[in-house]
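Here the structure is laid out as structure tokens; the discussion comes afterwards.
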Amino acid sequence: MSQKKVLSKSEEKRLIESASNNQTKLLIETMLKTGMRVSEICNLKIEWTNFEDNLILIQKNAEPIEFNPKYGSEREVPISSMLSINLNQLIGKRKKGYVFRSQRKAYPQRYESISIINKINSLCKKVFGGSLGSHILRRTYASNLLYSGVNIKTIQKLLGHRHLTTTLVYLKDIPKRDDYDQIRKAISY
């Protein structure tokens, strides 16, 4: 299978729907709609969520496991009201701890990065016939923002990239839109 760079909207939907449980569906959806790194999803704490303002604050924490975002890129990431509602339902009455919790041990704990990577690879094999890598979710988020007209510097900030050139690497191979469709949209009143 040739290496895809981004997922189409229908492929995003198929990937989410292929997950076997609501938590995994929501984990995939959160990655697709926030551009969060696997390590950030693993360490996503309830305390980072602001459902009133529909934001996730990606930040460092010391307990129970020390975590620092890559390059120290603490940042706010806006989320849709629907994603906010779904995350709030998953969290339920819990006031602290990890949003996404592994149930493999006697007590729930955060996922390890390799577990999430394996989940994504397994779902991609099931849906697309081959592993696409977890980073395709970040690239898809970035390309969706670009297609929607979001400024490249804003995309850089949302992804937590230190250098604009890194963001440009994410976006250089995305498929081109049909120019005629863009022209028609621009001239339609």
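A few notes on this one:
- Of the residues making up segment 11-50, those that are under 20 Å from S122 (Cβ atoms), assigned to a helix (DSSP H, G or I) and of a type in the set (S, T, N, Q) are S18, N22, Q23, T24, T30, S39.
- Residues of segment 72-89 satisfying the condition of being under 21 Å from Q59 (Cα atoms) and surrounded by 12 or more Cβ atoms within 10 Å (Cβ to Cβ): S73, E74, R75, E76, V77, P78, I79, S80, L83, S84, L87, N88
- Check on K13, over 22 Å from R139 (Cβ atoms), among the basic types (K, R) and at pLDDT 90 or above: no
- Residue ID - modelled with the lowest pLDDT, chosen from residues in segment 91-130 that are surrounded by 15 or more Cβ atoms within 10 Å (Cβ to Cβ) and in a loop (DSSP other than H, G, I, E, B): Y111
- Within segment 94-152, considering residues that are over 30 Å from T165 (Cβ atoms) and hydroxyl-bearing (S, T, Y), the one farthest from the chain's Cα centre (by Cα): Y107
- Answer residue from segment 145-185, given it is of a type in the set (D, E, K, R), exposed (fewer than 13 other Cβ atoms within 10 Å of the Cβ) and not in a loop (DSSP other than H, G, I, E, B) and is modelled with the highest pLDDT among those: K153
Quick grid of which residues meet (1) buried (at least 18 other Cβ atoms within 10 Å of the Cβ); (2) under 11 Å from the mean Cα position of the chain (by Cα):
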position	(1), (2)
S8	no, no
E11	no, no
L15	yes, no
T34	yes, yes
V38	yes, yes
N50	no, no
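- The single condition from (1) under 28 Å from L171 (Cβ atoms); (2) touching a strand residue (DSSP E or B) at 6+ places or on another chain (Cβ under 8 Å); (3) modelled with pLDDT under 90 that Y71 fails is (2).
- Filtered residues of segment 110-135 (kept if farther than 24 Å from R14 by Cβ and in contact with a Phe, Trp or Tyr (Cβ under 7 Å, 6 or more places away or on another chain)): R110
The values are calculated or read from the model by the stated rules, or taken from the named source; none is laboratory data. Quick caveat: nothing in here was measured; it's all calculated off a predicted structure. Cβ: placed from backbone, ideal geometry, glycine included. Neighbour counts: every protein chain shown.
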